[in-house]
Amino acid sequence: MGLGLALTDALSQLILDQDISVDTYNATLGKVYKAPFPLQTRWVTHRPCCAWYTSDLRAMKREKRQQNANLGNHDLRSTSNF
């Protein structure tokens, strides 16, 4: 009985040490990432599906947004002849 109890105590201490190690690792990792990458709150609005919002309309809107983004990326000063 004494050996079984000693093994149980040793196993319990090992599990406790492992939990402490994991907690320490998580805390340290959290500190490392929170400094350069702080958590930011984002709002996500979920809307019900609409019959008129089809995949064709979604594709057209995506294309329009991409074209607008491409227009905004050009530096007009570099193409001038001045």
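Structure data summary
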read-out: FRET efficiency, residue 59 to residue 37 (Cβ-Cβ, R0 35 Å, nearest 0.05); value: 0.55
read-out: Volume per residue of the C-alpha convex hull in the stretch 2-73, rounded to whole Å³; value: 229
read-out: Pair residue 14, residue 26: separation of 7 Å Cα→Cβ label points (nm); value: 2.2
read-out: In Hz, Karplus ³J(HN,Hα) per residue of the stretch 44-59 (6.51, -1.76, 1.60; θ = phi - 60°; x = Gly, Pro); value: 10, 9, 9, 10, x, 5, 10, 5, 7, 8, 8, 5, 5, 5, 4, 5
read-out: Dipole of the stretch 2-73, positive end: most advanced residue of 11, 53, 32 [Cβ charges, Cα centre]; value: 53
read-out: Gain on full stretching of the segment that runs from residue 66 to residue 51 - 0.36 nm per residue minus C-alpha separation; value: 3.0 nm
read-out: Integer Hz, Karplus 6.51/-1.76/1.60 couplings in order for the stretch 30-43, x for Gly and Pro; value: x, 5, 5, 7, 6, 5, x, 10, x, 5, 10, 8, 10, 9
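Each value in this text was obtained by applying a stated rule to the coordinates, not by laboratory testing. Predicted model only: the values in this text are computed from it and were never measured. Methodologically, a virtual Cβ is constructed for each residue, glycine included, from the backbone with ideal geometry; neighbour enumeration extends over all protein chains shown.
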